[in-house]
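Everything on this sheet refers to the single structure shown next.
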Amino acid sequence: QVLDCGGRWHATTHTAARYALHIVAEDPPRPGLIRTDGPGMAIEVDVWALPPDGWARFVARGVPGLAVGRVELADGSVLPGFVAAADEATGRPDLSPYGGWRAWRAAGSPR
């Protein structure tokens, strides 16, 4: 979907160490970042560059379980990105100990 909107991969990095990662949708499984008030973790994320019209199209399509929010990266920069919709993460599996979506998938997607 990102590529269809003119997106270009920019980098793989980590969030600041104040996030948790939960499953917010099951079919297909989809992760969502949650900023924590207490101790959190640095979660691996991909940064994509989209042209303004591509970003508008991407956001307009919507992604179930996710909302647009601000994500703080480990270097202190803050970018717009998809985060878990507030009501979608409650009681969902916590993937944070894996440090990111790829690592959770590499571990066999345990629940």
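The values are calculated or read from the model by the stated rules, or taken from the named source; none is laboratory data. Note that this is a predicted model, so its numbers are computed, not measured. With ideal geometry, Cβ positions are generated from the backbone for all residues, glycine too; neighbour counts draw on all protein chains shown. Note: areas computed on protein heavy atoms with side chains; ligands, DNA, RNA excluded. Shrake-Rupley method; radii C 1.70, N 1.55, O 1.52, S 1.80 Å.
Has segment 91-98 got any residue that is within 13 Å of the chain's Cα centre (by Cα) and either open to solvent by less than 60 Å² (accessible area, probe 1.4 Å) or at pLDDT 95 or above (or both)? The answer is yes; a qualifying residue exists.
Taken over segment 56-87, residues that are in contact with a strand residue (DSSP E or B) (Cβ under 8 Å, 6 or more places away or on another chain) and under 25 Å from L3 (Cβ atoms) amount to 19. If you go through segment 7-37, how many residues are open to solvent by less than 40 Å² (accessible area, probe 1.4 Å), assigned to a loop (DSSP other than H, G, I, E, B) and touching a residue at least 24 places away in the same chain (Cβ under 8 Å)? Total satisfying the criteria: 2. In segment 58-90, how many are in a loop (DSSP other than H, G, I, E, B) and modelled with pLDDT of 90 or more? Adding up the residues that qualify gives 4.
Considering every residue within segment 38-45, establish whether at least one is modelled with pLDDT of 95 or more and open to solvent by less than 30 Å² (accessible area, probe 1.4 Å). Yes, that holds for at least one residue. Applying a threshold of 6 Å to beta carbon distances and a minimum spacing of six or more residues, or different chains, the list of pairs starting in segment 54-69 at a residue that is open to solvent by less than 50 Å² (accessible area, probe 1.4 Å) and ending at one that is part of a strand (DSSP E or B) and not hydrophobic (A, V, I, L, M, F, W, C) reads G65/R30; G65/G32; L66/G32. One residue alone among A20, A25 is closer than 17 Å to W104 by Cβ and under 11 Å from the mean Cα position of the chain (by Cα), and that residue is A20.
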